[in-house]
Structures are given as C-alpha cells and as structure tokens.
2 protein chains.
Amino acid sequence: MNEQQSNKPYVIGLDLGGTNSVFGIVDAQGDIKATTAIKTGGFATAADYVNACIEALQVIIGQVGGIGTIKAMGIGAPNANYYNGTIEFAPNLSWAHDGVVPLADMFSQALGIPVAMTNDANAAAVGEMVYGVARGMKNFIVITLGTGVGSGIVVNGQLLYGHDGFAGELGHVTMIRGEEGRLCGCGRTGCLETYCSATGVARTARELLAKTDRPSLLRNMKAEDITSLDVAIAAGKGDNLANEIYQFTGKMLGEACADFAAFSSPEAFIFFGGMVKAGELIMKPIREAYDAHVMPIFRGKAQFLVSGLDGASAAVLGASAIGWEIQ
Amino acid sequence: MNEQQSNKPYVIGLDLGGTNSVFGIVDAQGDIKATTAIKTGGFATAADYVNACIEALQVIIGQVGGIGTIKAMGIGAPNANYYNGTIEFAPNLSWAHDGVVPLADMFSQALGIPVAMTNDANAAAVGEMVYGVARGMKNFIVITLGTGVGSGIVVNGQLLYGHDGFAGELGHVTMIRGEEGRLCGCGRTGCLETYCSATGVARTARELLAKTDRPSLLRNMKAEDITSLDVAIAAGKGDNLANEIYQFTGKMLGEACADFAAFSSPEAFIFFGGMVKAGELIMKPIREAYDAHVMPIFRGKAQFLVSGLDGASAAVLGASAIGWEIQ
C-alpha cells in the first residue's frame, strides 16, 4: 500500500451526491476516522462550493492531526471524467449543469494534495478492491442497483475507463430490442436499467398489476407509490406476484451478466446498492439465470457476491479508495 | 520495441488452423522474411506435431541467420489459453481434442526461445496494434467475421484475457432472447455469431428465400450452396434481397457494437476476416445502426475500420505479434 511509502496514514473520500456532499477521512483498513457533510446545492459557482467544502474539511482534518497525515483525496461524483478530473454537464448539480468543472484540480490546489475523481459506480468498484469483498481480485464487475443501474469494471487489476473515461455503463446495454423495450432516461429503449433498477422494479410492479387482476398485497397501496422495497416486503410475506417481480428482475440481471462474462470473464460479480437488501430474493434468480444462459466455457466459474462495504458509508469508502490508487 | 533491447530483429508467428499450420518469420515492421507450412492433422501425438513443425522451421530459421536472430514465437490457435500456454480440448485438432496440451512450453523447449499463445481473434487484435490500423491505440475491439464471429479486446493497451484467459467471446453475446433466437454451435440460442458470421449470412439468405417469393439472383442456385460471398456478389449486382441480407447483418453488428461501447468505450472497432471483403455493403449498415443505438455520451466518438493486415498473411502476422508482446 502506498501509504506505507509516504507515511501518510489517511485519505479523504467525498461522496458527491445531488443533495448531500459527505466527507470521510479513512485509513488503509477502511475505518472512517472523521466525517462531515454539507448540502451540495445552493452555490452559484463551483468555486463557492469548493470553498464551503474546504471550510467543513478543515475541522475534520484538524481532528486527525492536520493535512500532513493525508495522502490524497478521492471523489465519487455524477458525470465525472477520471482522465480530466472534471465534472461535465451534470444535470443535477446547479454549479456544473452547463459546463465542465475541473473539480479535482480545484480541490488539489486548495488542499495541496493529489485528488482523483470518478463516477460513483467506479468508486464502489475500487472500494471493494481496497476494503471490500474484491480484495486480491484482478478481474471483477461491480453492479450498482439503485435509482439507476451502474457498473464499475476491473480488468487486470485496473478500473476500465476506456478511451474517453466513460466506460462501464452496463446499465445501458440493450436487453429488449425494438419497440417492445421500455423507454430509458438516456433517450433509448430496452436498457437494463429500465428493468433492474429500483425504479424498474416498481415499473414492473405497476405493469403487472395493471395487466392482470391477480390478487396481491401491492393492491393495498396506490400504484404510483409502490417502491422496490414495498415489493420486497410483500414478497417476504409470501406474495406470489411480488415474488414473480423479483424473479423477472433477477432473470434479466443474470442474463445480462452472462453477456458480461463473454466480454471480460470476471471471477466475481459484486452487487451493491439499496436493492441488494432484498438478499436471496434477487440473488437466487440472478445466479439461476446466469447458469442457464452463460457460455459453457464460463459456467460455474464466477462468484456472485454482495458488497462488503458498510451500507451507510459505502459511497464515502468507495470515493476514498480512489485516493489510495493515485500513483 | 523490445527487439531493440535484445538486438534480435525477428519473431516467429504460427497460425495454427484446423487444416494448415502456417509459419512466418517477421520483422518489427510486419514484413514476413520467410515462410513455410505443414498440415496440422495426421499426427498421433502433440509431440509428433511439434517435431514436424521444428523440422520445417529449421529451414526458414536458417534463411534468416539462425535462431540467434529470433526473439520469441507467437502462436494463434483455437481453444488456446494464454495464461497457461495450453490448447484445451480443441475439437478440430486430432492431437488435442481430448486433453490439455502445453504447446507453448513444448515449442519453447525445442527452440530455446520464449513462446506465447492465444486464440486467433486475440492474435488479430495484437497484430493490428503492432503492425496494423490500431498502432498507437490503447482501447479498441477487433471483431473477426469468418466462419464464426470472434473478438479481441484491448483496454489500457493490454489484451483483455479475464480471470481464466477466455475473455473476449463477443460472438456469443445474446442478440435475440428466448425461443426466437437461432440455435448456436455453443449450445445456446440467439448468439451474435448465428446472425453475423459468414454462415449466419448464408442462413439469413436461406430463411428469407424460403419465407418469401420475392425475386432474387440467389434463387438461381441451390439454397444449401449459398455462401456469404454469393450474397455479396448478388448485392453488388443490385439484387434487393441480397442487399437486405447485408442490411440486416450490419444492423445486428452495429447494435452489438453499441452495447460493447457501454462496456469498454473503445476508440475504434476494427473488422477482420473474409466477410470484410464486402466493404461498404457491410460497414455502412454497421455505422448507421451504431449511431442510431449507442448511448448519446459515446455517439460520434468511435472509428469503424477494416483490418490493416494483408489478408493472406494476416493470421501469421497476428500470431507473430504475440511474440513481440512477451516481456
């Protein structure tokens, strides 16, 4: 580990979300030594945002012995370009929605330490490699199941960034071609994300409730209020329709993973994010569909794991892990 | 280039096919200085095969100044495992169909030089990187369109081998799910290869001729004799049905490439193999379908190229390129 060469025991992680910006100071074992947060919005410019961050950071940096103890900073952020250290046209960030913000450089100059940035799914993948269930692995894929479906792909022990820094958008491979595919937020149809995100699960529920008159506990609530958690709870109570929704979701994910194996032949698929709380309800149909659909040469080789990072702080840990990776 | 460090100006390439084993001695510019070949079959054991190869090789090694001028050997072979240097259960090789043959080690011991081996599509990718149109590129995908559909994926300037050495089987991503998908040689259905290989094109032709009574030059021949070349020739003569077959094939490939972009965001897709001779007939619908289906963030970024390696010797050049890559 690099911190032993530099004798600096900590890195800063910033989980930059649309609503909150959460900071942690983290050691090489993944223990969070100090944490703070500010609201992400409400700033006219990126410079104002960075100033507010630095002010909040000074307090926790002081708590761990000053900036001299800190090797680097990692940021997980939407629309982040790793190569340039920029946030580009991020629709949910008031100070970055219509331009390119060199956020890594801005933090680096303010703090005097190296700063690297990538998107949250890539940060999760590095987090699993540094602190989580992927320790020692060189080829694996993290799939984040939240509002959307994201991914971080590690090959030969390195994150796959591709030519332009935007590789690893596995939520947007096409699962159902042509007009039958669901409309996706990316403007296309049939993307994995439209079926297997939390919102995709809720959409499947509403479709299935409207299409049939089968009984279900989910009929006790307004269709537009149903969440993936409601579906998981109903399934846990033995609701057949709710179970079928997770079967469908897991089957779609397992078939997608079979295609991903043909690409990079990972030793593990690691699932991360809110929907993973559904446990075997989602993991079992994933494994079954994978085994049924993967090429014989890959069958039985890959592990299917759930994230080893603590849920509440997983995103901060992932972001901080990017800091350890800076050469 | 490594040959400058070692002062050895040549590598040996072996294109190990089911019928012929073709050898070339190649310099760093990709010029083939000497070549020879033997039949691949007819040997009882792998040792007999290697002995026959060495006998043939001695002649051309002598022609270039002896083994002291040769840095390494690269082999492109079916069912080759790069990590172990083995050929594993290759159905078309009499001396390797029911076991694991450590072919790289056997050649290395016989010749006293390092030997590396991979499959032919991976060899083609390294060939493009060392001598062809991918010189200077670090992220690209070679797609081989022949009897099957193969692929070699380069990320961060390295071939993607995956956990087990078998990554990059893009001919076997699923394009049409469920019962409608065509049965594939791999035992599954709907694989890209069943539509976009040379045999896939002929299959599309037979299906379309049987399903409709539309006029076509292809009706002048027996349906079972139609090849992808016949379809290309008919299309060149303005045959509508034949054109439609290539439209369909290219569309399928372009949509597949759109998914591949979401995976590794390459700067180029490079097409290789016999079917590439169809030129714009296949390349135009590929580009059009890609532009129509790729995520907006990737649109307009990737180049679509045809192989820069001379057709007749491309496979030997690809194999030899593996030799330069040995550290």
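Observations on the structure shown:
- Surface analysis of chain A yields an accessible area of 40 Å² per residue, using protein heavy atoms and a 1.4 Å probe.
- Simple spin-label estimate for B:VAL100 and B:GLN158 in nanometres, 7 Å along Cα-Cβ: 2.2 nm
- Exam field: B:MET221 pseudo-label spacings to other copies (7 Å along Cα-Cβ), nanometres: 6.2
- Order of exposure, largest accessible area first, which applies to B:GLU193, A:GLU280 with probe 1.4 Å: A:GLU280, B:GLU193
- For segment A:241-327, the dipole from Cβ point charges (+1 on Lys and Arg, -1 on Asp and Glu) about the Cα centre works out to 100 debye, to the nearest 20.
- The tail of the calculated P(r) for chain B beyond 24 Å holds 56 percent of all Cα-Cα pairs.
- Rounded to the nearest whole Hz, the Karplus-based 3J(HN,Hα) values (6.51 cos²θ - 1.76 cosθ + 1.60, θ = phi - 60°) of segment A:118-127 follow the sequence 8, 7, 5, 6, 5, 4, 4, 5, 5, x, with x at glycine and proline.
- B:ARG135 accessible area, assembled protein chains, probe 1.4 Å, Å²: 150 Å²
- Of all DSSP beta bridges confined to chain B, the antiparallel ones make up roughly 60%.
- B:HIS163 - accessible surface, heavy atoms, 1.4 Å probe, Å² rounded to 10: 80 Å²
- Value at 222 nm in deg cm²/dmol, rounded to 500, when DSSP H runs of n ≥ 4 in chain A each add -39,500 (n - 2.57): -11500 deg cm²/dmol
- Averaged over the residues of peptide A:294-302, the number of Cβ atoms from other protein chains lying within 10 Å of each residue's Cβ is 4.
- Here the translational diffusion coefficient of the protein assembly as shown follows from Stokes-Einstein with Rh set to the Kirkwood radius across Cα pairs; for 10 °C and 1.306 mPa s it amounts to 60 µm²/s.
- Beyond 29 Å in Cα-Cα separation lie the following of the pairs A:LYS301/B:LYS8; B:LYS39/B:LYS71; A:LYS138/A:LYS237; B:LYS33/B:LYS284; A:LYS251/B:LYS251: A:LYS301/B:LYS8; A:LYS138/A:LYS237; B:LYS33/B:LYS284.
- Carbon plus sulfur fraction of accessible area for segment A:57-124, probe 1.4 Å, in percent: 50 percent
- Backbone N atoms of segment A:149-167 closer than 17 Å to the 7 Å Cα→Cβ label point of A:ASN84 belong to residues A:161-167.
- Protein-only accessible surface order, largest first, of A:THR147, B:THR35 at 1.4 Å: A:THR147, B:THR35
- Segment B:240-321, relative contact order in percent, only Cα pairs under 8 angstrom and at least six apart counted: 40 percent
- Per-residue average of Cβ from other chains inside 10 Å of B:153-163: 6
- Of all the options B:ALA232, B:ALA47, B:ALA116, the one that moves most in a Gaussian network model of chain B with Cα springs shorter than 10 angstrom is B:ALA47.
- Accessible area (Å², 1.4 Å probe, nearest 10) - A:TYR10: 40 Å²
- Two-decimal log10 I(q)/I(0) for segment B:214-324, as the Debye equation yields it once each C-alpha is a single scatterer, q = 0.14, 0.17, 0.20, 0.23 Å⁻¹: -0.68, -0.89, -1.05, -1.16
- Two-site FRET efficiency, B:ASP225 against A:LEU229, from Cβ-Cβ distance with R₀ of 41 Å, rounded to 0.05: 0.10
- When only Cα pairs below 8 angstrom with a gap of at least 6 residues are kept, chain B shows a relative contact order of 20 percent.
- Label-point separation in nm, A:ARG206 to B:VAL306, each point 7 Å along Cα→Cβ: 4.9 nm
- Using only alpha-carbon positions in segment A:124-234, the gyration tensor eigenvalues give semi-axes of 33, 18, 9 Å once each is multiplied by 5 and square-rooted (largest first).
- Net charge of the neighbourhood of A:ALA80, taken over other residues with C-beta under 10 Å away and scored Lys/Arg +1, Asp/Glu -1, is -2.
- Taking a Cβ cut-off of under 14 Å around A:PHE272, the surrounding Lys, Arg, Asp and Glu residues balance to a net charge of -3, with basic ones at +1 and acidic ones at -1.
- Residues A:LEU217, B:LEU183, B:LEU16, sorted by accessible area with the largest first, give B:LEU183, A:LEU217, B:LEU16 [1.4 Å probe; ligands and nucleic acids excluded].
- Accessible surface buried once A binds B (1.4 Å probe; total of both sides; Å²): 3500 Å²
- Calculated FRET value between B:ILE326 and A:THR69, using beta carbons and R₀ = 56 Å, to 0.05: 0.85
- Portion, in percent, of the accessible area of segment B:198-327 that falls on carbon or sulfur, probe 1.4 Å: 54 percent
- Contact residues in segment B:250-285 (at least 20 Å² less accessible area with all protein chains than alone, 1.4 Å probe): B:GLU255, B:ASP259, B:ALA262, B:PHE263, B:SER264, B:SER265, B:GLU267.
The values are calculated or read from the model by the stated rules, or taken from the named source; none is laboratory data. Worth saying up front: this structure is predicted, and the values here are computed from it rather than measured. Note: ideal-geometry Cβ built from the backbone for every residue, glycine included; neighbour counts use all protein chains shown. Heads up: the accessible areas ignore ligands, DNA and RNA and are worked out on the full protein's heavy atoms, side chains in. Shrake-Rupley method; radii C 1.70, N 1.55, O 1.52, S 1.80 Å.
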